[in-house]
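S.K.: The structure follows.
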Amino acid sequence: MASQDLTEANRRRVLSLYADYARGDMAAVMAGMTDDIAWCSVGEGCAAWSGTWSGKEGVTAYFAAVGSVCEVTSYEIERVVAALAGAAQAEAH
């Protein structure tokens, strides 16, 4: 697969996972992640969910922390940065 195709495939995967999240389909979100995921949320110490969460168990705890203090009613992706190594980053608000 050409590097441009791989980058586009990574970008589409991230967008798909966030679409699953927006629909509340957490089973699909978690199924789409690798066991060694590192989930980073900016604002170290500012909120219960800020920091780096490791593995599916950590990401599950991240979403539980978010859900314990707020209800997400919308989620808009501003930009997806996809890399060749299979990693990707999404910026949202």
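Read-outs throughout are calculated quantities, based only on the coordinates presented, and are distinct from any laboratory measurement. Everything numeric in this text was worked out from a predicted model, so none of it was measured. We place every Cβ from the backbone using ideal geometry, glycine too, and count neighbours over all the protein chains shown.
S.K.: Which FRET efficiency, nearest 0.05, do Val69 and Ala19 yield, Cβ-Cβ r, R0 25 Å?
M.R.: Numbers: r = 24 Å, r/R0 = 0.95.
About 0.55, to the nearest 0.05.
S.K.: Using only the Cα atoms of segment 1-73, construct the convex hull and provide its projected area averaged over every direction, in square nanometres to one decimal. Display every interim value, and only then the final one.
M.R.: On the way: hull surface 22.5 nm².
Value for segment 1-73: 5.6 nm².
S.K.: Could you give the size of the charge dipole of segment 1-80 about its Cα centre, using +1 on the Cβ of each K and R and -1 on the Cβ of each D and E, expressed in debye and rounded to the nearest 20? Kindly include the intermediate steps, with their values, before the conclusion.
M.R.: Details: 6 positive and 11 negative charges, 22 e Å.
For this selection, approximately 100 debye.
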